[in-house]
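Since the structure comes first, as structure tokens, the remarks are kept for the end.
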Amino acid sequence: MPGERVLVTGSAGHLGEALVRLLRDGGREVVGLDLLASPFTTVTGSVTAPDTVRACLAGVGTVLHPATLHKPHVGSHGRQAFVDTNITGTLTLLEEAVAAGVESFVFTSTTSAFGRALTPAPGAPAAWITEDVTPVPRNIYGVTKTAAENLCELIHTGHGLPVVVLRTSRFFPEPDDVADIRNAYPDANVKANEYLYRRADIQDVADAHLLAMAKAPAMGFGRYIVSATTPFNPADVAELRQDAPAVVGRLFPDQEAEYQRRGWRMFGQIDRVYDNARARADLDWSPRYGFRLVLDLLKAGEDPRSPLARAIGAKGYHPVSTGPYTVR
């Protein structure tokens, strides 16, 4: 196990808060770094400031780095801001971590890094997404997160810093960023559907980070998809693109009745499926929250979110947010 003191960047955010909560509950000393003051922020400052980062790393054995400008910021922040935070900030942390003798570094990336690889051509089967799929970023968010991943690998190769990159799928509680989906489906309906192929509960995401930080020194470098375990397999991809409800109905015969009771609908088609098998195998990760559990909780009249997700709630992304996503 790396040194007991842990630096968590973005400590006022969704995942940062989750990590600070779990680490503190586990008896670890945590330094929380964020631009925003919060009960989970120890130091208010930027990951782009070397002096601030250097001070935060004193005595730290592990860095968990979820701080980022997100996809929602594409509408409100310029490209240079993304480069500054996501690339320069990550490089600053990596270089200072090497200088400080950090034993373990976990970088939170995103499945958005796959970009255009997630959208098959018209009539093509759904994309089966593993770590072997080549990213084709579609916006500055994906470009900068992919570049930051490459910096992680570069610093590991050049300096031996153990780094694990986790490409996380959706775990935020805010409504969907696509207006047509927000207007066509209840929000809880959307999120339940997404557990089939592109969503994870924040408890499972945080658990993957804690496992990665413990395993990084022995692994050296790794890159993993972190998403709920899909019930689908590659043989389903053609039909998922044509008639997703038929596939879901075969796998979950009780789904249709529960959805009808709620006035919900399954998506007509699914265009990509995230495969988390490598993360489960290499990290010994056992995500609990998947579509089967979510459906069972819904049938029992219970909240399908983890207690951790309920405790953190929704945060938005920054003070000028309008609706779920940011605009100028």
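The values are calculated or read from the model by the stated rules, or taken from the named source; none is laboratory data. As the structure is a prediction and not an experimental result, all values here were calculated from the model. Cβ: placed from backbone, ideal geometry, glycine included. Neighbour counts: every protein chain shown.
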Practice problem: Only one of these is closer than 24 Å to VAL133 by Cα, surrounded by 13 or more Cβ atoms within 10 Å (Cβ to Cβ), touching a helix residue (DSSP H, G or I) at 6+ places or on another chain (Cβ under 9 Å) and not aromatic (Phe, Trp, Tyr): ASP284, ASP275. Name it. | Solution: ASP275
Quiz item: If a residue has to be surrounded by 20 or more Cβ atoms within 10 Å (Cβ to Cβ) and either in a loop (DSSP other than H, G, I, E, B) or in contact with a Phe, Trp or Tyr (Cβ under 8 Å, 6 or more places away or on another chain) (or both) to count, how many in the stretch 214-225 make the cut?
Solution: 2
Quiz item: How about the stretch 75-84: which of its residues are surrounded by fewer than 22 Cβ atoms within 10 Å (Cβ to Cβ) and either in contact with a Ser or Thr (Cβ under 8 Å, 6 or more places away or on another chain) or modelled with pLDDT of 95 or more (or both)?
Solution: GLY75, SER76, HIS77, VAL83, ASP84
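Which residues, taken from the stretch 1-51, are of a type in the set (Val, Ile, Thr), assigned to a loop (DSSP other than H, G, I, E, B) and farther than 22 Å from GLY101 by Cα?
The one that is of a type in the set (Val, Ile, Thr), assigned to a loop (DSSP other than H, G, I, E, B) and farther than 22 Å from GLY101 by Cα: THR41.
Residues that are farther than 18 Å from TYR274 by Cα and touching a residue at least 12 places away in the same chain (Cβ under 8 Å): find the strands (runs of 3 or more DSSP E) completely inside the stretch 76-175 holding 3 or more of those. Write out each step before concluding.
Numbers: elements: 104-110, 127-129, 163-168.
Filter on the stretch 76-175 gives 104-110.
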Quiz item: Pairs, please: C-beta under 7 Å, at least 6 apart or cross-chain, first residue at pLDDT 95 or above and in the stretch 280-293, second surrounded by fewer than 16 Cβ atoms within 10 Å (Cβ to Cβ) and assigned to a loop (DSSP other than H, G, I, E, B)?
Solution: ARG280/SER286
Exercise. Starting from the stretch 300-328, take each residue that is under 19 Å from LEU35 (Cβ atoms) and list its partners that are modelled with pLDDT under 95 and of a type in the set (Val, Ile, Thr), counting only C-beta distances under 6 angstrom and pairs at least six apart or across chains.
Key: TYR317/THR326
Quiz item: Out of all the residues in the stretch 19-41, is one or more farther than 30 Å from THR157 by Cα, in contact (Cβ under 8 Å) with a residue 24 or more places away in the chain and charged (D, E, K, R)?
Solution: yes
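Inspect all residues belonging to the stretch 52-67 and state whether any of them is part of a helix (DSSP H, G or I), among the polar types (S, T, N, Q), at pLDDT 95 or above and more than 24 Å from PHE171 (Cα to Cα). Show your work before the answer.
If we filter the stretch 52-67 for residues that are part of a helix (DSSP H, G or I), which is where we start, we get 52-56.
Subsequent filtering for residues that are among the polar types (S, T, N, Q) retains 52.
In the following step, the residues that additionally are at pLDDT 95 or above were identified as 52.
Filter once more, keeping what is more than 24 Å from PHE171 (Cα to Cα): 52.
Yes, because at least one residue in the stretch 52-67 is part of a helix (DSSP H, G or I), among the polar types (S, T, N, Q), at pLDDT 95 or above and more than 24 Å from PHE171 (Cα to Cα).
Give me the helices (runs of 4 or more DSSP H) completely within the stretch 246-313, filtered to those with at least 3 residues that are of a type in the set (D, E, K, R), ordered by residue number. Reasoning before the result, please.
On the way: elements: 255-262, 277-283, 291-299, 307-312.
Here the list reads 255-262, 277-283, 291-299.
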Practice problem: Go through the stretch 176-206 and count every residue that is of a type in the set (D, E, K, R) and either under 14 Å from GLY268 (Cβ atoms) or assigned to a loop (DSSP other than H, G, I, E, B) (or both). | Solution: 5
Quiz item: When you look at ILE202, is it of a type in the set (Val, Ile, Thr) and under 28 Å from ILE312 (Cα atoms), yes or no?
Solution: yes
